[in-house]
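Read through the structure below, which is laid out as structure tokens, and then see the notes.
A short reminder: the numbers here are calculations on the coordinates, not readings from a lab. Everything numeric here is computed off the predicted structure, so don't read it as measured data. Don't worry about glycine lacking a Cβ; one is built from the backbone with ideal geometry, like all the others, and counts go over all protein chains shown.
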Amino acid sequence: MESKDASISRRSLLRGAALAAVMVPLGVSLASCAAPGGGGGGGGATGAATADNPFGVAANSKIDAVIFNGGYGIDYVENAGKILDKGKAGATVKVSSSTKIAQELQPRFVAGNPPDLIDNSGANSIGWNTILDQLETLDSVLDANNLEGTKISDTLYGGVKDPGTFGGKFVALNYVMTVYGIWYSDKVFKDNGFTVPKTWGDLKALGEAAKAKGKFLFLWGKEAATYYQTMVVDSAVIQGGDDVRLPLENLKENCWSHPVIQEILTTFYDLIKAGYVKPGGSGTQFTAAQAQWSNDEAALLYPSGSWIENEMKDATAKDFTMKGIGELPFDDKQTTPAGTLRAEAGEPFIVPTKAKNPAGGKELLRVMLSKESATAFAKNKLAPTIVKGIVPDDGFGSTALVSQKELLDKAGDNVFTIKSFNLYGMNSDQLPIWNSFLEGSMTVAEITSQLQALTDKVRNDSSVTKIEIK
């Protein structure tokens, strides 16, 4: 189950939640091991750059890719490698899987021989603040044409560079378009006459209706308790905009005491105390808890990134008819445009500057961004990539994928992301706090105090490099 457990941090939450990626010690730096990354590439031989070979991949070259083996597997990169093999004379792509990216690849960074392409995901991903100066900038990938002859940047959803941009440098190309939402069974709602909520104010009545039918409103598992932090924070941002988001992102004093966050936490606490949240989650493995929702239909709602359908495809009731809504504003007075959504590119791919064949790493990314590769991923993994316009109206038969498409289309450019929890490796310390809150053993004042204390600890740690988030 290791790859399953690790996959929850793929989703930038919590990559994220998904849990947030657990970073290597924040004071550790590999900066002395490599020169700063740029557009030029590392030590491998290159060929002539042409329209069909924009990065100058050398003939007969080898491309070394290490891919996080989580909920999406590695076959989508292997398939892109086969396409590249056909198109580049003599080029060969080796794709290796890993669930311990940091442990296995940090020694290669130190030795100066990192892979050409890395999917830096999972609970054991490499902390961004330790390798930023050792990565290629990837603007050239977006400036290149895809295999169909269209400029790649013109084929992507808006805002896809943001999650992979640190200190003004675009160094991580996140491949999967993750929609953060609240998921439910359309069949269960219709069979029981439940009304899909539109704001946090609707949840009490829905909880009462669920309880009358012997069901819960929410449930959770111990490794994914911070999925609810994501739901609370995202809801607060949807309600209050950057006035809520920026203080959290930049580790400001009293950021957790913002009135909107407090209103949502108080409402949530009341739902927990009313018995609408299934107890025992702090002792339940997260996929087992999710199966209680998707297979046993014990709870109506589950907050998650859009990886949830693929992750639970073997433990979902027949005719479940999974659908999703955006995370909820507190009330009808939200300050952001209607449809505002947390949607961000996940699965961050990086090209180390000291790799033997960085041109090959970029070319493999270019192939992955082709219509053929992106469509195959969406169809097989039930999740959209950052390439827009590839999901048909029927979602390849997936109602959850249809929901994702509808939410993204409605949001347009009104999307946001949350970086700080992943950036500073805070998730592991936040997990026990949220487990206690969800069990009902922690008050709103106590969870606020403890979350703020963690934020203050990072802010006041001089060994941690801070990055201003805008």
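Figures for the structure shown
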quantity	calculated
Estimated distance in nm for a label pair at residue 96 and residue 62, the labels positioned 7 Å out from Cα along Cα-to-Cβ	1.1 nm
Span from the segment 271-330 Cα centroid across to the segment 356-387 one, whole angstrom	30 Å
Gyration tensor verdict on segment 101-194 (Cα atoms; rounded if a/c is under 1.5, prolate if a/b is larger than b/c, oblate otherwise)	oblate
Gain upon complete extension [residue 273, residue 191; 0.36 nm per residue less C-alpha separation]	26.8 nm
Long-range amide H partners of residue 299 with built H, under 5 Å	216
Shape call, segment 147-241: gyration tensor on alpha carbons, a/c limit 1.5	prolate
Centre separation in Å (Cα based) which lies between segment 179-228 and segment 243-258	28 Å
Cα-only radius of gyration and Dmax that characterise segment 328-454, units Å	19.6, 54
Sorted peptide list for 283-292, 204-213, criterion being average Cβ within 10 angstrom, highest first	283-292, 204-213
Residue-by-residue Karplus 3J(HN,Hα) for segment 260-273, coefficients 6.51, -1.76, 1.60, Hz, glycine and proline x	5, 4, 5, 4, 5, 4, 5, 4, 5, 4, 5, 5, 5, 5
Shape box of segment 180-342 [Cα atoms, principal axes, largest first, Å]	45, 30, 29
When each of 410/466; 94/169; 313/470; 187/273; 151/405; 318/405 is checked by Cα-Cα distance, pairs over 25 Å	410/466; 94/169; 313/470; 187/273
Neighbour cut-off at most 12 other Cβ (10 Å), DSSP loop, GluC sites (Glu not before Pro), segment 235-274	253
Near-label residues of segment 119-144 by backbone N, under 12 Å of a point 7 Å along Cα→Cβ of residue 110	none
Packing rank of 228-237, 155-164, 272-281, where each peptide gets the mean count of other beta carbons within 10 Å, highest leading	228-237, 155-164, 272-281
